[in-house]
Amino acid sequence: MARRPLIAANWKMNKTIAEARGFCEQLLPDVEELGPDGAEVVVCPPYLALPLVAQLCEGSDVGVAAQNMYFEDSGAFTGEVSAAMLLDAGADGVVLGHSERRQLFGETDGGLAKKVPAALAAGLLPILCVGESEGERERGETEEVLRRQVEADLAEVADEALGGIVIAYEPIWAIGTGKTATAEQANDASAFIRSLVAARNTEAGDLIRIQYGGSVKPANAAELLGQSDIDGALVGGASLDPEDFAAIVTAA
Ligand code: PGA
């Protein structure tokens, strides 16, 4: 089963609207040059830059995703945005459950169990992040943590719909630390996540794309992306520079 790799630029809380414009103007010609046989590319800007990025990427091979959303359609939820609002702003997808949201902003598996189906129902591609902490890996709990997150966060998604989501395996100890998981560690965890999905629906297990995230750079991208069960990357720090990000897309 050939899965098209998905390379996503997670800008986190970086870039003004003007900086987002500069980035797109530099990146788009590079992606264009790679053509439709290259990896699928998604940029995940902060909310405020999202409409502009969507406008600039329209008609190109680059998609746009938000970094979070709330599961309700509308109402008294100060500070939140809905799936419908993201679609209206031009988003194609949404990152859900990033470890920074889980650790710093109280994101729970219970909330994610509602967010993933809400994104799917709206027609947004959910990119669900899962991953263990350093202590959990040292204690040999990696698979237990991944199983708990995948089972809980996808509990309300129909088995046949699982193939249409993306899961990003992001070991927390590798995010923004410069410490990358070895290609073998990353591939083993991705294969394990795929087996959890396949246990619910065999075809979905073949279809679902599993990204690796955590200190992906131009220098290590080819090795990570060459693994059998890794179908792309969620890139943080190295996605802020259009040249570095384009090099990662090229490696894919
Ligand atoms: P990093 O971040 O590439 O800076 O490690 C990855 C992520 O948090 O998605």
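Each reported figure results from applying straightforward, stated rules to the coordinates on display, with no laboratory input. All of these numbers come straight from a predicted model, not from anything done at the bench. No Cβ is skipped: glycine too gets one built from the backbone with ideal geometry, and neighbour counts run over all protein chains shown.
Take Ala221 and tell me if it is within 22 Å of Glu100 (Cβ to Cβ), touching a residue at least 24 places away in the same chain (Cβ under 8 Å) and either within 16 Å of the ligand (Cβ to nearest atom) or not hydrophobic (A, V, I, L, M, F, W, C) (or both).
It is true that Ala221 is within 22 Å of Glu100 (Cβ to Cβ), touching a residue at least 24 places away in the same chain (Cβ under 8 Å) and either within 16 Å of the ligand (Cβ to nearest atom) or not hydrophobic (A, V, I, L, M, F, W, C) (or both).
If we keep just the residues of the range 5-19 that are assigned to a loop (DSSP other than H, G, I, E, B) and more than 14 Å from the chain's Cα centre (by Cα), which is surrounded by the most Cβ atoms within 10 Å (Cβ to Cβ)?
Within the range 5-19, the match that is surrounded by the most Cβ atoms within 10 Å (Cβ to Cβ) is Lys15.
Among the listed residues Glu40, Glu58, which satisfies the condition of being charged (D, E, K, R) and over 22 Å from Asp231 (Cβ atoms)?
Unique residue meeting the criteria: Glu58.
Yes/no matrix, rows are residues, columns are (1) in contact with a Phe, Trp or Tyr (Cβ under 6 Å, 6 or more places away or on another chain); (2) closer than 20 Å to Ala2 by Cβ:
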{"site": "Pro126", "(1), (2)": "no, no"}
{"site": "Gly135", "(1), (2)": "no, no"}
{"site": "Glu138", "(1), (2)": "no, no"}
{"site": "Asp153", "(1), (2)": "no, no"}
{"site": "Asn187", "(1), (2)": "no, yes"}
{"site": "Ser190", "(1), (2)": "yes, yes"}
{"site": "Thr202", "(1), (2)": "no, yes"}
{"site": "Ser215", "(1), (2)": "no, no"}
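Quick one: what pairs do we get from the range 241-252, first residue at negative phi, second crowded, with 21+ Cβ neighbours inside 10 Å and among the hydroxyl-bearing types (Ser, Thr, Tyr), C-beta under 7 Å, 6+ apart or different chains?
Sorted first by the residue in the range 241-252, then by its partner, the pairs are Phe245/Ser239.
Within the range 233-242, can one find any residue that is away from the ligand (no atom under 14 Å from the Cβ) and of a type in the set (Asp, Glu)?
So far as the range 233-242 goes, no, none of its residues is away from the ligand (no atom under 14 Å from the Cβ) and of a type in the set (Asp, Glu).
Under 9 Å between Cβ atoms, which residue pairs at least 6 apart in sequence (or on different chains) link something in the range 183-195 that is touching a residue at least 40 places away in the same chain (Cβ under 8 Å) with a partner that is assigned to a helix (DSSP H, G or I) and small (Gly, Ala, Ser)?
From residues that are touching a residue at least 40 places away in the same chain (Cβ under 8 Å), the pairs are Ala186/Ala174.
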